[in-house]
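> First the structure, which I've put down as structure tokens, then a few questions once you've had a look.
The values are calculated or read from the model by the stated rules, or taken from the named source; none is laboratory data. Since the structure is predicted, the reported quantities are computational estimates derived from the model, not experimental observations. We place every Cβ from the backbone using ideal geometry, glycine too, and count neighbours over all the protein chains shown. Heavy atoms of the whole protein, side chains included, go into the accessibility calculation; ligands, DNA and RNA do not. Shrake-Rupley method; radii C 1.70, N 1.55, O 1.52, S 1.80 Å.
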Amino acid sequence: IDEYISNHDCEIHDRVPVNIRGEKINLVVYKLPIEILYYNIRNGRFAAEYRNEVKKEGGILSPEKKEDAKKIQNLLWRLNVNDSEDTYEDILQRGQWRPGIITEDGYVIDGNRRMAILSKLFTDTGNDEFKFIKVGRLPSNIEKTDLWKLEAGLQLGREEIVKYGPMNELLKLEEAKMLEISNE
């Protein structure tokens with residue numbers, strides 16, 4: 001990753017705020033090739049599904065191996081196919097707008113599903129834009145406890161975007177209809 005960053009203009013003018021050892025820091029965001037990054041198999045969001053996949057495969061999946069990374073990608077897609085399809089369409093239309101977070105050595109702490117969807121988008125469209133993911137890179141001196149707190153805070157914390165209630169969703173849809181916005 002260091003070599004890629006030093007040989008390519010991949011820094012984006014964006015930052016990702018994180019809290020490490022009680023201190024807020026802003027991570028530099030890079031646009032990196034997915035092929036140099038690894039899925040985080042210790043991600044709590046799909047721990048149970050990963051265990052089932054390991055049983056089925058008869059051993060641990062190694063995200064560093066391309067064939068295992070593909071299995072992990074498919075597992076992430078199947079976690080919630082409807083959400084995956086929605087995110088797929090959103091990224092197809094708008095691109096990736098929320099950066100993920102990686103360790104210094106390239107393991108995805110936040111953004112595993114986004115990376116899986118970007119990979120699928122590249123396979124489906126052949127568009128080179130989808131060979132890359134925007135990520136903030138954690139410093140090398142991060143401790144295991146900080147890493148756990150960061151991941152748990154991201155995965156179990158409150159959503160930044162509060163979902164609309166059912167009545168408010170209907171009102172928003174009614175507003176779209178009045179503006180003559182199509183159902184599509």
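> Across the chain, what fraction of all alpha-carbon pairs, as a whole percent, falls in each successive 10 Å bin from zero upward?
For the chain, the binned pair fractions read 8, 32, 35, 19, 6, 1 percent.
> Tell me, what does the Kirkwood hydrodynamic radius of region 94-133 come to in angstroms if you use every pair of distinct C-alpha atoms?
Hydrodynamic radius (Kirkwood, Cα only) of region 94-133 equals 10.5 Å.
> Expressed as a whole number of Å, what is the distance separating the alpha-carbon centroids of region 47-100 and region 12-43?
Spelled out, the Cα-based centre of one part sits 18 Å from the other.
> Would you mind checking the pairs Lys31/Lys56; Lys31/Lys120; Lys66/Lys134; Lys66/Lys120; Lys65/Lys149; Lys56/Lys149 and listing those with alpha carbons more than 25 angstrom apart?
Check vs 25 Å cut-off fails for Lys31/Lys56; Lys65/Lys149; Lys56/Lys149.
> Below 11 angstrom from the Cβ of Asp14, what's the summed charge of the other residues (Lys, Arg +1; Asp, Glu -1)?
Counting the neighbours of Asp14, the net charge comes to +3.
> Per-residue counts of other Cβ atoms within 10 Å, averaged by peptide: what ranking do you get for 96-104, 143-151, highest first?
Ranked by mean Cβ neighbours within 10 Å, highest first: 96-104, 143-151.
> With a 1.4 Å probe and every protein chain left in place, work out the accessible area per residue of region 1-100 in Å², rounded to a whole number.
Values: 6470 Å² over 100 residues.
It amounts to 65 Å² per residue over region 1-100.
> When the helices in the chain are scored as -39500 (n - 2.57) per DSSP H run of 4 or longer and the sum is shared across all residues, what 222 nm value do you end up with, to the nearest 500 deg cm²/dmol?
Using -39500 (n - 2.57) per qualifying helix, the result is -14000 deg cm²/dmol.
> Cβ under 13 Å from Leu92's Cβ, Leu92 left aside: what net charge do those residues give with Lys, Arg +1 and Asp, Glu -1?
Net local charge, Leu92 excluded: -3.
> Could I ask something else about it? First obtain the Kirkwood hydrodynamic radius of region 36-139 from its Cα pairs, then insert it into the Stokes-Einstein equation at 20 °C and 1.002 mPa s, and state the resulting D in µm² per second as a whole number. Don't skip to the end; give the middle numbers.
Numbers: Rh = 14.0 Å.
D = 153 µm²/s.
> Could the peptides 5-18, 72-85 be put in order, highest first, of the mean number of other beta-carbon atoms found within 10 Å of their residues?
Packing proxy ranking, top to bottom: 72-85, 5-18.
> Rank by packing, highest mean first: peptides 117-123, 29-35, with packing defined as the count of other Cβ atoms within 10 Å averaged across residues. Numbers along the way, then the final one.
Values: 117-123: 19.9, 29-35: 17.7.
Highest-to-lowest ranking by the protection proxy: 117-123, 29-35.
> Right, another one. Taking Cα atoms of region 1-45, Rg/Rh with Kirkwood Rh, to two decimals?
Taking Rh as the inverse mean 1/r over Cα pairs, Rg/Rh reads 1.04.
> Ok, one more. Summarise the accessible area of region 1-151 (1.4 Å probe, protein heavy atoms) by the percent that is carbon and sulfur. Please report the intermediate quantities before stating the final value.
On the way: 4090 of 8820 Å².
C and S fraction of accessible area: 46 percent.
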